[in-house]
C-alpha cells in the first residue's frame, strides 16, 4: 500500500462505535425468531428478508436507547478532527442514535444511501474529499473488511468488540484510542 500517511478514519457504527448486539437482536427475539439465525452487520431489509419479516415489524421492536458506546469511543471521537461513518444501519435510526450520543461525523452514510444495498466506502470518501490511500476504515465484521478491500482502504478490526474475529492480515486495534495513533 506504500507509505501514504493515514489522515482520516471512517467507522462502521454497530459493533464498532457502539455495543449494539443485544439491541439489534432483541427485535428478532420479540418476533419469535432466534437471533442466532440472523448474521449481524447486514442491511436491515436483507436481514429481515432472511427470516421472513418486514423491516417495519423489526423497527417497531427496536430500542435505540439500548445502544451504548464501547468504553473509550467518546474520548477517541473527541480527539479526532473530521471523521466519517459508513453503516448498514437505516438512516433514521442511525441519525437518531448519533444525535443522542452527541456525535457529529463530517460525513455519514447509511444503508438508505446505497439503495438498501451493503455499504460502500467510495461515496463516503467522496463526501470527505479524501483519497482511499489516506483512510483507515474501522469495523468489526467480514462485511466491513470487504467494504474496505473494495474501496482500496486500509482496514482495522475493532478488536475491542469481543465478537470481532481477526483474519491473519488484519490490523487489530485493542482499544479505540489506538485509532488516533494510526493517523499521521
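The values are calculated or read from the model by the stated rules, or taken from the named source; none is laboratory data. For clarity, every value in this text was computed on a predicted model and none was experimentally measured. Heads up, the Cβs are rebuilt from the backbone with ideal geometry, glycines too, and the neighbour counts pull from every protein chain shown.
Brief remarks on what is shown
- Of the numbered criteria (1) within 17 Å of the chain's Cα centre (by Cα); (2) over 16 Å from residue 24 (Cβ atoms); (3) outside the structural domain of residue 174 (by TED's automatic domain parsing), the one residue 41 fails is (2).
- Residue count for segment 46-68, restricted to those that are in contact (Cβ under 8 Å) with a residue 40 or more places away in the chain and either part of a helix (DSSP H, G or I) or buried (at least 19 other Cβ atoms within 10 Å of the Cβ) (or both): 4
- Evaluation of residue 2 against the conditions (1) assigned by TED's automatic domain parsing to the domain that holds residue 129; (2) surrounded by fewer than 17 Cβ atoms within 10 Å (Cβ to Cβ); (3) modelled with pLDDT under 95; (4) out of contact with any strand residue (DSSP E or B) (no Cβ under 8 Å at 6 or more places or on another chain) shows that the sole unmet condition is (1).
- Residue list for segment 69-79, restricted to those being within 19 Å of residue 8 (Cβ to Cβ) and buried (at least 18 other Cβ atoms within 10 Å of the Cβ): 73, 76, 77
- Which numbered condition residue 82 misses (of (1) surrounded by fewer than 14 Cβ atoms within 10 Å (Cβ to Cβ); (2) over 14 Å from residue 13 (Cα atoms)): (1)
- Residue list for segment 15-34, restricted to those being in contact with a helix residue (DSSP H, G or I) (Cβ under 6 Å, 6 or more places away or on another chain) and either buried (at least 18 other Cβ atoms within 10 Å of the Cβ) or closer than 28 Å to residue 76 by Cβ (or both): 17, 23, 25, 27, 28, 33
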